[in-house]
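Reviewing the structure listed below.
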Amino acid sequence: MNFNAKRLPVLRPEKAAFPLTLRHLYPLSTLSFQEKSDVLLGANPPSFPDCETMILLGLDASTPKGSVALLKDRQVIAESVGSSTFSDQLLVLVDEVLGKLDRGLEEVDGFCVTTGPGSFTGLRIGVSLIKGLVLATEKPFWAINTLEAYANLVEPVSQPICPILDARKKEVYTAKFKYTNDKLVRETPDHAVSPQELCDLTQEPTVFLGGGVEPYGDFLPSQLGNKFIDQAPVKNQTVAASAAQLAFNRFQASPCFDLDALTVHYVRKSEAELNSNILN
């Protein structure tokens, strides 16, 4: 497709007459995300501050209660938890944390978002919101796995860490992580399993956390005995803040400007996709 950059009303922060806020998110043309990124960012993406001064906005909409956090130099300076992951609620949370900055969105150097597994609807809303913010501000983003963000909430321990999220249909989303030299390392891929399968896979004392623990709070301890650990030292912060800290760790290696690369990690097919397959 041939297109001209002049067709796009690019709003650049340094030329704005007043601080950028969520009001400046605007619909663009029907260009693909990659084409929009090419127009907005050019062949050479803009540079951004070093890790020590960078301000990141993190967003998690993978669970029933979304969260938004603002971090500077890896430290949480603001965070907020909502009652739902509906788009209007998330916008309120974003505005709340941006209120801690003198110039609002203009001061943010990058974004991160949890991309799943988790609530299908929440994930789509969260990813769409971050795409809008990236397009409006021309800043990079980091995509963070939801289960890894949960595992990162646990302080370094010797036992494996198994975050679990309620996947409904009597299943949980889970993966196993472990700290090696104080660095969180993934040991298994994400998968959806029944609580019984999860117990069968657990062969040693393991730290469990996440929204999937409560629905099976009686079953898991009864089946696992002393292999079930739910009292481990955890960071007093939101999942969004944990995701942002992981993004800081990947600051130099994986900043991304390609919005086509920002996709949702579902693990299993949605109900609509399953019904479509049956009909076809």
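The strands (runs of 3 or more DSSP E) found entirely in the range 89-201 that carry 2 or more residues being of a type in the set (F, W, Y) are 141-144, 177-180. Among the residues making up the range 59-82, a single one is over 17 Å from the mean Cα position of the chain (by Cα) and in a loop (DSSP other than H, G, I, E, B): D73. Filtered by the rule that a residue be basic (K, R) and either surrounded by 16 or more Cβ atoms within 10 Å (Cβ to Cβ) or touching a residue at least 24 places away in the same chain (Cβ under 8 Å) (or both), the range 164-202 gives K170, K176, K178, R186. Restricting the range 203-232 to residues that are assigned to a loop (DSSP other than H, G, I, E, B) and among the acidic types (D, E), the residue that is surrounded by the most Cβ atoms within 10 Å (Cβ to Cβ) is D230. Of all the residues in the range 141-178, those that are polar (S, T, N, Q) and either under 14 Å from G210 (Cβ atoms) or assigned by TED's automatic domain parsing to the domain that holds L259 (or both) number 4.
Would you be able to say whether some residue in the range 10-28 is crowded, with 19+ Cβ neighbours inside 10 Å and either modelled with pLDDT under 95 or touching a helix residue (DSSP H, G or I) at 6+ places or on another chain (Cβ under 7 Å) (or both)? Yes: the range 10-28 contains one or more residues that are crowded, with 19+ Cβ neighbours inside 10 Å and either modelled with pLDDT under 95 or touching a helix residue (DSSP H, G or I) at 6+ places or on another chain (Cβ under 7 Å) (or both). The number of residues in the range 233-245 that are surrounded by 15 or more Cβ atoms within 10 Å (Cβ to Cβ) and part of a loop (DSSP other than H, G, I, E, B) comes to 2. Select from the range 242-259 the residues that are modelled with pLDDT of 90 or more and under 26 Å from H191 (Cβ atoms) and list them in ascending order. Of everything in the range 242-259, those that are modelled with pLDDT of 90 or more and under 26 Å from H191 (Cβ atoms) turn out to be S242, A243, A244, Q245, L246, A247. Number of residues in the range 147-164 that are in contact with a strand residue (DSSP E or B) (Cβ under 6 Å, 6 or more places away or on another chain) and small (G, A, S): the value is 2.
The values are calculated or read from the model by the stated rules, or taken from the named source; none is laboratory data. Everything numeric here is computed off the predicted structure, so don't read it as measured data. A quick note on method: Cβ atoms are made from the backbone with ideal geometry, for glycine too, and the neighbour counts reach across all protein chains shown.
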